[in-house]
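Novice: Provided herewith is a single structure, encoded as structure tokens, for subsequent inquiry.
Derivation of every value follows stated rules applied to the coordinates shown; laboratory data play no part. None of the values given here were measured: they were computed from a predicted structure. With ideal geometry, Cβ positions are generated from the backbone for all residues, glycine too; neighbour counts draw on all protein chains shown.
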Amino acid sequence: MSLTGNGASEPGPWTLWGQGHFTRFEGQAGETLDVDGDVTAAYLGVDYRWGPRGLAGVAVSHTRGTGGFRQPAWRGDLDATVTSVHPYAQVALTERLSVWGTLGYGRGELEVTDPNNAQNALTTDVAMRLAAVGVRGALPAMGGVAWTLKADGFLVQMDTEARVAFPETTADAQRLRLVLAGQRPWALAAGARLVPSLELGTRYDGGDAERGLGAEVGGGLRYTHPGWGLEVAARGRYLLVHQEAAFEQWSASLTAQVQPPDGSGKGVSVTLAPAWGPTASGVAGLWAGPTIGGVVPPGARTRPGGRLTAEVGYGLTAFDTGLLTPYAGTALTEGATRTFRVGTRLRVPRRGASALTLTLEGTRQEATGPRPVNQGLQLQVTGGF
């Protein structure tokens, strides 16, 4: 959801996109209910861009969460699925000022099972509603530093219907943020570039999750060397202080990528990306958050667990002007799942429109404990038209 592309000169106003997320969570829903588990979410969306300043689209998501809960007198296992729809839009009011907004509504099912009696399961319906808005303004550069002021807020509510031995519940969470961000590019020898960045923000949290004011800081460092085909990026975020003393949040990520230096994509490419904690923020955090998916109570907090993603591929010429890239990859999550991927991507340039990319991928996901192994085959088509 960004207007930072090529503007009016970008061919093809339509774009099809997709993404997925895996998150671990733990926390409290109410005063006596502890919850923990895993969430897997998949998103598929389509954008339409009109001119250099407008973009609108809709995304459909399917989210599944599994875990457990503990009360003083009862404990059990949770399995929830929610399918939701999210229309969104972004408009650049001027060259320096843009606004965005999104809505969401989803429904699904929550099953609660007694671990000592798997046949004694309780099932209820789940509903999720979401609204979020944001504004971004570019400030005048000072001392070579490009400054940006960003503000955003969201409201999410989840409901479960009453069933036998299962009371009706409603939970909600809100957040408002104001962030000042700056970055300063530095030109180095041989065309290399170094771009440090810094973010300082204040936030207000409300609802059934954390409540009160807080302050957070974030930063990053990106290094690119076109002659080597090398790009290394590091980012981190930390919640400095919050009125809710027990609330802690931090994240860190590192991405290293080596590609053919001529930019053609032909030859060996390697990507390695370790990360810790919920690295997404702002609007990106809306897509990544388990609460937004509607399968986890808003009081639950994500764990700063470690993740490692790696991929290696080799690009070959196909159909004279196309690029065929067989690849293999893996994603390891601390104490959770191991995912292995094997596939191939075909990128075909098109005259008067953006390139068409077809991806055929097989996956195998192995979870810890007695959970079953998941295997799948998917075909993905991406491109503007």
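Novice: Show me 134-143, 265-274 ranked by packing, highest mean number of other Cβ atoms within 10 Å first.
Specialist: The peptides rank, most packed first, as 265-274, 134-143.
Novice: How large is the charge dipole for the range 219-271, taken about the Cα centre, if only the Cβ atoms of Lys, Arg (+1) and Asp, Glu (-1) carry charge, to the nearest 20 debye?
Specialist: It works out to roughly 140 debye.
Novice: Next up: Per residue of the range 85-96, in order, report the coupling 6.51 cos²θ - 1.76 cosθ + 1.60 (Karplus, θ = phi - 60°) as ³J(HN,Hα) in whole Hz, putting x for Gly and Pro.
Specialist: 10, 9, x, 8, 7, 9, 9, 8, 6, 9, 5, 10
Novice: Hey, if you put +1 on the Cβ of every Lys and Arg and -1 on every Asp and Glu Cβ in the range 49-148, which of Ala138, Thr83, Gly54 ends up farthest toward the positive end of that dipole?
Specialist: Final value for the positive-end residue is Ala138.
Novice: Ok, one more. Using modelled amide H (1.01 Å from N, peptide plane; none on Pro or chain starts), what sits under 5 Å from the amide H of Glu161, excluding residues fewer than 5 places away?
Specialist: Amide H neighbours of Glu161: Asp125.
Novice: Further question: So, R0 is 51 Å and r is the distance between the beta-carbons of Glu95 and Asn120; what FRET efficiency does that work out to, to 0.05?
Specialist: It comes to 0.25.
Novice: Here's something else I'd like to know. With θ taken as phi - 60° and the coefficients 6.51, -1.76 and 1.60, list the Karplus ³J(HN,Hα) couplings across the range 45-58 in order, rounded to whole Hz; mark glycine and proline as x.
Specialist: Computed from phi, the couplings for the range 45-58 are x, 9, 10, 10, 10, 10, x, x, 10, x, 8, 9, x, 9 Hz.
Novice: Using the Karplus curve 6.51 cos²θ - 1.76 cosθ + 1.60 with θ = phi - 60°, work out ³J(HN,Hα) for each residue of the range 247-256 in order, rounded to whole Hz, and write x for Gly and Pro.
Specialist: Each residue's phi maps through the Karplus curve to give 7, 10, 8, 7, 7, 8, 8, 9, 10, 10 Hz.
Novice: For Ala246 and Leu308, what does the FRET efficiency come to when R0 = 25 Å and r is the distance between their Cβ atoms, rounded to the nearest 0.05?
Specialist: 0.30
Novice: Here's another thing I want to ask about it. Given all pairs of different Cα atoms, what value in angstroms does the Kirkwood hydrodynamic radius of the range 106-218 take?
Specialist: Hydrodynamic radius (Kirkwood, Cα only) of the range 106-218 equals 18.2 Å.
Novice: Calculate the length of the line joining the C-alpha centroid of the range 178-241 to that of the range 46-110, in whole Å.
Specialist: Cα centres, the range 178-241 to the range 46-110: 24 Å.
Novice: Rank Ala252, His225, Ser264 by how far each Cα sits towards the positive end of the charge dipole of the range 218-270 (+1 on Lys, Arg Cβ; -1 on Asp, Glu Cβ) and give me just the farthest.
Specialist: Working it through, the farthest residue towards the positive pole turns out to be Ser264.
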